[in-house]
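Q: Input: one structure, supplied below.
The values are calculated or read from the model by the stated rules, or taken from the named source; none is laboratory data. Values in this document were obtained by computation on a predicted structure and should not be read as measured data. Cβ placement follows ideal geometry from the backbone for every residue including glycine, while neighbour counts extend to all protein chains displayed. Each accessible area value is taken on the protein alone, full model and side chains, heavy atoms only, with ligands, DNA and RNA left out. Shrake-Rupley method; radii C 1.70, N 1.55, O 1.52, S 1.80 Å.
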Amino acid sequence: LSDDPEAAKRWDSILRKRHPVLNLASSGVTFYPCIDNYMQDYLNQPEVQEAIHVMPTEWVYEGGIVYLNEYVQSVIPLWQRFITDTDWNLLVFSGDVDAAVPTVGTERWINCLGLPIANGWRPWMYDGQTAGFIQDFSRMTFITIKGAGHMVPYYLPAQGFEFFDQYMSRFY
């Protein structure tokens, strides 16, 4: 959208029609932090489904968080099972301006897993600039994205694609 001002205006218009609170914002606002209500409509658009390479599908937003009974108090045992019982390489990412799921909280629960650090903190780059920081653990990578909330592809789609592409190229 950033490369197509007309598309950005159309998107802004669509959002304002669907959510009256957005009409209170100034016309230059392009940041909509509470968009989960729009996810179902967005994913059900034929052009979006084509772009993400899925067969025509009717997406339904279920909402809320479902916890398995054994993990009501903490999901740390679940993550420890992922690490010890699978051969997965896990990626955890966090926008560094996310007020709902702060980076420091994500870092704290990762530290609770007790994983050995394989590679310490270092910057990762996008377009010649520091785009965030990365730290590798045993079979887990933690990446921060500078200037993003927890829906990184929405806030910074180019950087979101870049960190994911860099991560995937390491293993596949």
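Q: Could you say which residue among Ile117, Ile145, Ile134 is β-branched (Val, Ile, Thr) and touching a Leu at 6+ places or on another chain (Cβ under 9 Å)?
A: On the way: Ile117 fails: touching a Leu at 6+ places or on another chain (Cβ under 9 Å); Ile134 fails: touching a Leu at 6+ places or on another chain (Cβ under 9 Å).
The match here is Ile145.
Q: Within the stretch 38-54, restricting attention to residues that are polar (S, T, N, Q) and surrounded by 13 or more Cβ atoms within 10 Å (Cβ to Cβ), which residue is nearest to Met151 (Cα to Cα)? Even if it seems obvious, please write down each step before you answer.
A: Let us first name the residues in the stretch 38-54 that are polar (S, T, N, Q), namely 40, 44-45, 49.
Then keep just the ones that are surrounded by 13 or more Cβ atoms within 10 Å (Cβ to Cβ); that gives 40, 44, 49.
Numbers: Gln40: 15, Asn44: 18, Gln49: 18 Å.
Here the answer is Gln40.
Q: When both residues are 6+ apart or on different chains and their Cβ atoms are under 7 Å apart, which pairs have a first residue that lies in the stretch 38-61 and is in contact (Cβ under 8 Å) with a residue 40 or more places away in the chain, and a second that is among the polar types (S, T, N, Q)?
A: none
Q: Turning to a different aspect of this structure: Please determine, by comparing only the residues of the stretch 85-108 that are small (Gly, Ala, Ser) and surrounded by fewer than 16 Cβ atoms within 10 Å (Cβ to Cβ), which one is nearest to Thr141 (Cα to Cα).
A: As a first pass, look at the stretch 85-108 and keep what is small (Gly, Ala, Ser): 94-95, 99-100, 105.
When the remaining residues are screened for being surrounded by fewer than 16 Cβ atoms within 10 Å (Cβ to Cβ), the result is 99-100, 105.
Working: Ala99: 21, Ala100: 21, Gly105: 16 Å.
This residue is Gly105.
Q: Find all pairs meeting these conditions: Cβ atoms under 7 angstrom apart; at least six residues apart or on different chains; first residue within the stretch 99-116 and part of a helix (DSSP H, G or I); second residue open to solvent by 70 Å² or more (accessible area, probe 1.4 Å) and not β-branched (Val, Ile, Thr).
A: Hits for this filter: Thr103/Asp96.
Q: Let me ask something else about it. Before we move on, is Val54 modelled with pLDDT of 85 or more and assigned to a loop (DSSP other than H, G, I, E, B)? Lay out the reasoning, then the answer.
A: Details: modelled with pLDDT of 85 or more: yes; assigned to a loop (DSSP other than H, G, I, E, B): yes.
Yes: the conditions hold for Val54.
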